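The next block holds one structure in the form of structure tokens; read it before the comments.
The values are calculated or read from the model by the stated rules, or taken from the named source; none is laboratory data. Since the structure is predicted, the reported quantities are computational estimates derived from the model, not experimental observations. All Cβ positions, glycine included, derive from the backbone under ideal geometry; neighbour counts span all protein chains shown.
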Amino acid sequence: MQEALRDIDFPADKDTILAHVEEYTSDGGVLRLARTLPPELYRNMSEVRSSVRLDPSVEEGRTAGQKAAQARSHNKHVAEYLRQVPDTRLS
């Protein structure tokens, strides 16, 4: 995202940032990150970086298989990343 915002003038609000990202990149991951920004006025790139919401499972070190098992869970009343994952390791 930082590369897509290299020419933006700060301060900038979420709508300005999103429009800039859409204009300067076609990277779907960067577009998704820009859409997750809270609707605030950002004074600099550091504030943007600290506001980007990452997938909590990435921060907790879950594997792709564990994330898939959580997505398949039938407990739809709990956030996906908080669902229990059965231990599938071979013993």
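Annotation: of all residues in region 1-24 being in a loop (DSSP other than H, G, I, E, B) and in contact with a Phe, Trp or Tyr (Cβ under 7 Å, 6 or more places away or on another chain), the one that is modelled with the lowest pLDDT is ALA4.
Inside region 9-42, can you point out the residues that are buried (at least 17 other Cβ atoms within 10 Å of the Cβ) and either within 13 Å of ARG53 (Cα to Cα) or not small (Gly, Ala, Ser) (or both)? Those that are buried (at least 17 other Cβ atoms within 10 Å of the Cβ) and either within 13 Å of ARG53 (Cα to Cα) or not small (Gly, Ala, Ser) (or both): LYS14, ILE17, HIS20, VAL21, VAL30, LEU33, ALA34, LEU37, TYR42.
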